[in-house]
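Written below as structure tokens is the structure these notes are about.
A short reminder: the numbers here are calculations on the coordinates, not readings from a lab. Worth saying up front: this structure is predicted, and the values here are computed from it rather than measured. Here Cβ is always computed from backbone atoms with ideal geometry, including for glycine, and neighbour counts include all displayed protein chains.
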Amino acid sequence: MDRTPPRTPRFNMPFELGLAVSWASLSHHPHTWFVFETQIRRVQKSLSDLDGSDPNIHNSTVKGVMRELCNAFVRSEALRPTVPEMMRTYRRVSHKVGAITAAAGARSLFEARVFDDLCFAAKAAIRLSLRR
């Protein structure tokens with residue numbers, strides 16, 4: 001629920017999940033989707049049509065999100081970083097958030113320039129990790 005009156009549930013993510021599930025079933029191109037959730041069994045209660053799909057439960061922690069990303073992309077042929085490697089990258093980038101936001105004159109991490117600069121910083125942090 002958002003905090004601004006009238007208190008209203010936000011349905012963007014369920015809507016986007018529905019689009020992803022539909023695309024996966026109707027598309028001629030392979031498409032995989034994942035559900036990430038903070039609490040176990042909450043998806044089954046709030047979105048029962050997903051029975052048979054196991055959500056990735058991250059327990060509202062950064063380390064939990066990294067763990068579940070590793071679990072979600074286990075089938076990937078690409079580089080497979082470990083949770084400690086991902087946490088090091090996260091810490092390196094999170095230390096730069098204030099400077100990146102200030103340099104862009106931004107109020108949010110989700111502005112286009114800030115997001116692009118954060119992606120650039122993450123790639124640089126990953127390259128640094130690979131050299132060691």
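Key figures
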read-out: Burial order of peptide ranges 67-74, 26-33 (average beta-carbon count within 10 Å, highest first); value: 67-74, 26-33
read-out: More than 17 Å apart - percent of Cα-Cα pairs taken over segment 81-132; value: 34
read-out: Length added when fully stretched, V97-D116, from 0.36 nm per residue minus Cα-Cα; value: 5.7 nm
read-out: Most to least packed among 106-113, 121-128 [average Cβ atoms within 10 Å]; value: 121-128, 106-113
read-out: Lysines whose Cα lies under 23 Å from that of K96, excluding same-chain neighbours fewer than 8 positions away; value: K63, K123
read-out: The chain: relative contact order as a whole-number percent, Cα under 8 Å and 6+ apart; value: 13
read-out: Potential lengthening between L26 and L109 on full extension [0.36 nm per residue; Cα-Cα distance subtracted]; value: 26.5 nm
read-out: Translational diffusion of segment 45-132, µm² s⁻¹ [Kirkwood Rh, Cα pairs; Stokes-Einstein; 20 °C; 1.002 mPa s]; value: 142
